[in-house]
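Please read the structure below before turning to the comments.
Please treat every number below as a calculation from the coordinates, not as lab data. These numbers were taken from a predicted model, which means no experiment stands behind them. Don't worry about glycine lacking a Cβ; one is built from the backbone with ideal geometry, like all the others, and counts go over all protein chains shown.
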Amino acid sequence: HALLQDLDSIDKYLINAEHLFTDLSQQKELSTNYSYLTPEQKQAIQSFWKSFSQRLSTHQQEFLQFWRCLPQVYQVFQQRLQALGIGYQGLCYRMAYSALVEGQITSPHQQVVFAGFNALTPVKEKIVAWYQANFSAAFYWDLDAYYMHDTQQEAGMYLRTHQKKTYFKDSFL
């Protein structure tokens, strides 16, 4: 169940699984492939993998063996679900976004309404932005002026961030 949640997050956040499941135990520093990470995230990753640079315990050896097969598990699992025409939520979102961008599917509607959103995962945001760029899309955010205008209110954080984005700006009028 935990692995499925992790795979779901990989797809919802459009993470490159090959990069994620790289064995970094022998790497001294994170390459440019990880430029999207904050310095704190890089430090946490390096700290985790640093313990693997000494003699490995049996537990660490088993972990590395499992870690090294995760890219193949992820790929085969995705392919199998797609062949069956099913998927977990993140995979379905990722597949839908890819199909939209690649022109494999088109929207049967000339106008689309998105209602009740607040926090969006990156894949949801890309789908919504694609509709905004390609169709007449209307947005009705789940917001309240109290949370929106008071920067101390965490509930408005995502909305304030969305409001600054060019493709969402007009929907906050």
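Structure data summary
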item	result
5 Å binning of all Cα-Cα separations within the chain, expressed as whole percents from 0 upward	1, 7, 12, 14, 15, 14, 13, 11, 7, 4, 2, 0, 0
Label point distance in nm, Leu14-Thr151, each placed 7 Å from Cα along Cα→Cβ	2.8 nm
Loop-exposed trypsin sites (Lys or Arg not before Pro) per DSSP, neighbour cap 10 Cβ within 10 angstrom, longest uninterrupted part of the chain	56-163
Cβ-Cβ FRET estimate between Gln46 and Tyr167, R0 fixed at 22 Å, reported to 0.05	0.05
Max mean-square fluctuation residue, GNM over the chain, Cα-Cα springs under 10 Å, options Thr38, Thr161, Thr121	Thr38
Rounded if a/c under 1.5, otherwise prolate or oblate - segment 105-146, Cα gyration tensor axes	oblate
Selected from Glu125, Glu62, Glu18 as most flexible by GNM, with the chain as the system and alpha-carbon contacts under 10 Å	Glu62
Helical mean residue ellipticity (222 nm; -39500 (n - 2.57) per DSSP H run of 4+; nearest 500) of the chain	-16500 deg cm²/dmol
Distance (nanometres) between label positions extended 7 Å along Cα→Cβ at Gln110 and Ala2	5.3 nm
Folded to 0 to 90 degrees: helix 39-50 orientation relative to the chain principal axis, Cα	30 degrees
At R0 = 45 Å, FRET efficiency that the Cβ-Cβ distance of Ala99 and Gln60 yields, to 0.05	0.65
